[in-house]
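Visitor: There's a structure below that I have some questions on.
The values are calculated or read from the model by the stated rules, or taken from the named source; none is laboratory data. No experiment lies behind these values; they were computed from the predicted model shown. For neighbour counting, all protein chains shown are included, and Cβ atoms are generated from backbone atoms with ideal geometry for every residue, glycine included.
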Amino acid sequence: MKSKRKTTNKISEGEGSPRRKPVRYMMLHRAKRRAQKKNFEFALTLKDIPEIPAICPVLGIEIKQNARCAGDSSPSLDRISSLRGYVVGNIRVISYRANRLKGDSTIAELEKLLADARQYKDF
């Protein structure tokens, strides 16, 4: 006797299987895990997660959902200020690449990297 599985025809945000959770839900879930792991404040609900923009506000590249793993153009939840946790007013959605580049860098470190890149741009 075959068991009947309950399936849904609801399509999640982005591309992929309908069984996958919506992208914004996954960003919320992962942010909560990071907050717990790193002891950051976490006070968000799904309604607090901004809509995913078509274009990254930092790098100007297209944001799209990659099917299997995070890629440079995947949406990523960013804490605007690294001194604050995942709270309303301190989050935005940017590309995964922009978030990686931003990382935990300070403005002074980023300025030094930029100065170095400009110095060697002709090599």
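Visitor: Do you know which residues across the stretch 35-49 are touching a strand residue (DSSP E or B) at 6+ places or on another chain (Cβ under 9 Å) and either of a type in the set (Val, Ile, Thr) or at pLDDT below 95 (or both)? Outline the logic, then answer.
Guide: Let us first name the residues in the stretch 35-49 that are touching a strand residue (DSSP E or B) at 6+ places or on another chain (Cβ under 9 Å), namely 35-36, 40-44, 48-49.
Selection gives 49 alone.
Visitor: Same structure again: Criterion first (of a type outside the set (Asp, Glu), modelled with pLDDT of 90 or more and out of contact with any Pro (no Cβ under 7 Å at 6 or more places or on another chain)) does residue 84 satisfy it? Walk me through how you get there before you give the answer.
Guide: Numbers: of a type outside the set (Asp, Glu): yes; modelled with pLDDT of 90 or more: yes; out of contact with any Pro (no Cβ under 7 Å at 6 or more places or on another chain): yes.
The answer is yes for residue 84.
Visitor: How many residues are closer than 24 Å to residue 43 by Cβ and in a loop (DSSP other than H, G, I, E, B) if we restrict to the stretch 59-99?
Guide: 9
Visitor: Just for the stretch 71-93: of the residues that are of a type in the set (A, V, I, L, M, F, W, C) and without any contact (Cβ under 8 Å) to a residue 40 or more places away in the chain, which one is nearest to residue 48 (Cα to Cα)? Give the steps one after another, and end with the answer.
Guide: We begin by selecting, within the stretch 71-93, every residue of a type in the set (A, V, I, L, M, F, W, C); these are 77, 80, 83, 87-88, 91, 93.
Add one more test, that the residue is without any contact (Cβ under 8 Å) to a residue 40 or more places away in the chain, and what stays is 80, 83.
Working: 80: 14, 83: 19 Å.
Checking each candidate, the answer is 80.
Visitor: Still on this structure, I have one more. Considering only residues that are small (Gly, Ala, Ser) and in a helix (DSSP H, G or I), which ones fall in the stretch 100-120?
Guide: So in the stretch 100-120, the residues small (Gly, Ala, Ser) come out as 103, 105, 108, 115, 117.
Hits for the stretch 100-120 are 108, 115, 117.
Visitor: Of all residues being part of a loop (DSSP other than H, G, I, E, B) and more than 18 Å from residue 81 (Cα to Cα) in the stretch 36-58, which is farthest from the chain's Cα centre (by Cα)? Just the residue, please. So that I can check it myself, show each step before the final result.
Guide: The initial filter retains those residues of the stretch 36-58 that are part of a loop (DSSP other than H, G, I, E, B), namely 39-41, 44-45, 49-54, 56-58.
Of the ones still in play, those that are also more than 18 Å from residue 81 (Cα to Cα) are 45, 51-54.
Details: 45: 15, 51: 11, 52: 9, 53: 11, 54: 13 Å.
So, considering only residues that are part of a loop (DSSP other than H, G, I, E, B) and more than 18 Å from residue 81 (Cα to Cα), the one farthest from the chain's Cα centre (by Cα) is 45.
Visitor: Hey, another quick one. Output the residue which, of all residues in the stretch 71-106 that are surrounded by 15 or more Cβ atoms within 10 Å (Cβ to Cβ) and among the aliphatic types (A, V, I, L, M), is farthest from residue 22 (Cα to Cα).
Guide: Only one residue fits best here, namely 101.
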